[in-house]
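Asks: Next up is a structure, given as structure tokens.
We did not get these values from a lab; they are worked out from the coordinates using the rules stated. What you see is a predicted model; the values in this text were computed from it and never measured. Reconstructed Cβ throughout: ideal geometry from the backbone, glycine too, with neighbour counts over all protein chains shown.
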Amino acid sequence: MIIRHGTEDDLPAIVAIYNASIPDRMATADLEPVSVASRVNWFKARSPLRHPLWVIEIEGIVAGWLSFQPFYGRPAYHATAEISIYIASNYHRHGLGKRLLAEAIHQSPDLGLNRLIGFIFAHNEASLKLFEKFGFESWGYLPEIADIDGVERDLVILGLRVG
């Protein structure tokens with residue numbers, strides 16, 4: 001098992017893992033699958049030195065990924081990044097999310113980051129527990145902000161000061 005920087009060759013696997021998370025309505029506000037082509041600019045906006053996209057690979061297979069994204073796009077937030085973690089369903093409960101999150105926390109100071117945030121649906125208890133296990137605290141709550149198939153969902157903003 002290795003964690004490495006994602007490459008453009010990994011993009012089909014990254015998108016497939018993301019798209020597989022859409023039907024369960026737990027991890028993303030996208031309601032329809034996205035295309036690889038639609039994610040190229042998103043991928044190219046990742047920087048290995050500042051806002052990387054990592055994949056976790058098992059025996060040559062991309063089993064999950066973690067992305068750092070600039071927060072809010074304003075210069076004063078330069079030391080804060082939003083992180084997203086997606087794990088292929090056949091690798092759930094194998095500790096990959098823990099490995100990726102631990103690595104993100106550890107590497108954040110070297111990336112010039114001192115705050116990490118996650119936006120997690122309130123009904124996604126597994127993700128909330130994962131982040132809380134690493135010391136993330138509730139920094140915000142947006143009630144009924146997402147309409148997913150006619151069900152209004154709450155969003156929890158979790159944050160952690162690192163370094």
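Asks: Using R₀ = 22 Å, calculate the FRET efficiency as 1/(1 + (r/R₀)^6) where r is the Cβ-Cβ separation of residue 122 and residue 8; round to 0.05.
Replies: Calculated value: 0.05.
Asks: Same structure, new question: Starting from 0.36 nm per residue, how many nanometres of slack lie between residue 129 and residue 31 once their C-alpha separation is accounted for?
Replies: Extra length available between residue 129 and residue 31 comes to 32.9 nm.
Asks: While we're here: Return the ratio Rg/(2.2 N^0.38 Å) for the range 78-140, where Rg is computed over Cα atoms only.
Replies: 1.13
Asks: For the range 8-51, would you read off the P(r) tail past 12 Å as a percentage of all alpha carbon pairs?
Replies: Looking at the range 8-51, the distances longer than 12 Å represent 62 percent of pairs.
Asks: Using each residue's phi in the range 127-142, evaluate 6.51 cos²θ - 1.76 cosθ + 1.60 at θ = phi - 60° and report the 3J(HN,Hα) Karplus result to the nearest Hz, with x for Gly and Pro.
Replies: 5, 4, 5, 4, 5, 5, 4, 9, x, 5, 10, 5, 10, x, 9, 10
Asks: If I compute Rg and Dmax of the Cα atoms in Å from the structure I just sent, which labelled value in (1) 16.0, 54; (2) 14.3, 50; (3) 15.1, 42 lines up?
Replies: The value computed from this structure is option (3).
Asks: What is the distance in Å between the Cα centres of the range 1-76 and the range 77-141?
Replies: Each part reduced to its Cα centre gives a spacing of 14 Å.
Asks: Given H placed on each backbone N at 1.01 Å, which residues far from residue 82 in sequence or on other chains put an amide H within less than 5 Å of it?
Replies: 69, 71, 117
Asks: Using a Förster radius of 22 Å, what is the FRET efficiency between residue 22 and residue 106 based on their Cβ-Cβ separation? Nearest 0.05, please.
Replies: Given R0 = 22 Å and the Cβ-Cβ separation, E is 0.15.
Asks: ³J(HN,Hα) across the range 79-91 via Karplus (A = 6.51, B = -1.76, C = 1.60, θ = phi - 60°), whole Hz, x for Gly/Pro?
Replies: With coefficients 6.51, -1.76 and 1.60, one gets 9, 10, 9, 8, 10, 10, 10, 9, 10, 4, 4, 6, 10 Hz.
Asks: Just rank 39, 153, fewest to most, by other beta-carbon atoms within 10 angstrom.
Replies: With the sparsest Cβ surroundings first, the list reads 39, 153.
Asks: What FRET efficiency, computed as 1/(1 + (r/R0)^6) with R0 = 25 Å and r the Cβ-Cβ distance, is obtained for residue 98 and residue 77, rounded to the nearest 0.05?
Replies: 0.40
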